[in-house]
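Notes to accompany the following structure.
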Amino acid sequence: VRPWDADGVARIHLHERGHRVEGTLVDRSGRRLPGVEVKLQTGKHPEIRMTSDAGGSFSSEEAAAVEGVLVVRDGGWRADPVRVLAPEAGVEIVAWRLCLVYFVLDPAPGTPAPDPSRLGVTGRGWVTDLGSDGFVLGCDPGPATLTCDGLALAGFDLEEGEVRRDVVVPCAAAE
């Protein structure tokens, strides 16, 4: 592939910054969310970070004139990615609170607990090892299953923003 056209003239396409992207961040009930970080990711340019103001509005004049994705993953809030093409105005992002379950594993007598790297969760979620304090499972609202090597250890049906603490999960060591 040559960086010039058949006539021998080089053509370089620059995506200037200076295009505005703006919108509002709300929860599922329509309440505006202040102080939550919104990121514009394009894959070609550095990520642009914006924080929603007291009225839930966010904006940036630094967007390149390209297609991108607005992402919310901040402070326990999450939203589905929203595709935009800068300049873009009036975008509404609906976010929800993540659910958290703080748990410890209780292996069967005489068996070791499973290796933490083998733990997972069904759907959109993750498990983090907190060391001697146990683990935390983070996920979207609704049903979630804690797994070890794909086998179910415990099931949860969680409300938006629900936090459960001191949960004991019985488990047998996986072979």
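The values are calculated or read from the model by the stated rules, or taken from the named source; none is laboratory data. All figures in this text were calculated on a predicted structure; none of them were measured in a lab. When we count neighbours, we look across all protein chains shown, and the Cβ atoms used for this are built from the backbone with ideal geometry, even at glycine. For the accessible areas, the whole protein counts, side chains as well, though only heavy atoms, and no ligand, DNA or RNA atoms are used. Shrake-Rupley method; radii C 1.70, N 1.55, O 1.52, S 1.80 Å.
Quick notes on this structure:
- Odd one out for D80 among (1) out of contact with any Gly (no Cβ under 8 Å at 6 or more places or on another chain); (2) touching a residue at least 40 places away in the same chain (Cβ under 8 Å); (3) closer than 30 Å to R32 by Cα: (2)
- Given (1) at pLDDT 90 or above; (2) open to solvent by less than 20 Å² (accessible area, probe 1.4 Å); (3) of a type in the set (A, V, I, L, M, F, W, C), index of the condition A79 fails: (1)
- Elements of the type strands (runs of 3 or more DSSP E) sitting completely within the stretch 118-167 and holding at least 1 residues that are surrounded by fewer than 13 Cβ atoms within 10 Å (Cβ to Cβ) and of a type in the set (A, V, I, L, M): these cover 151-158.
Here is a yes/no grid of residues against (1) open to solvent by less than 20 Å² (accessible area, probe 1.4 Å); (2) part of a loop (DSSP other than H, G, I, E, B):
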| site | (1), (2) |
| --- | --- |
| L25 | yes, no |
| G43 | no, yes |
| R49 | no, no |
| A54 | no, yes |
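- Within the stretch 92-116, tally of residues that are over 30 Å from D133 (Cβ atoms) and either surrounded by fewer than 17 Cβ atoms within 10 Å (Cβ to Cβ) or within 13 Å of the chain's Cα centre (by Cα) (or both): 2
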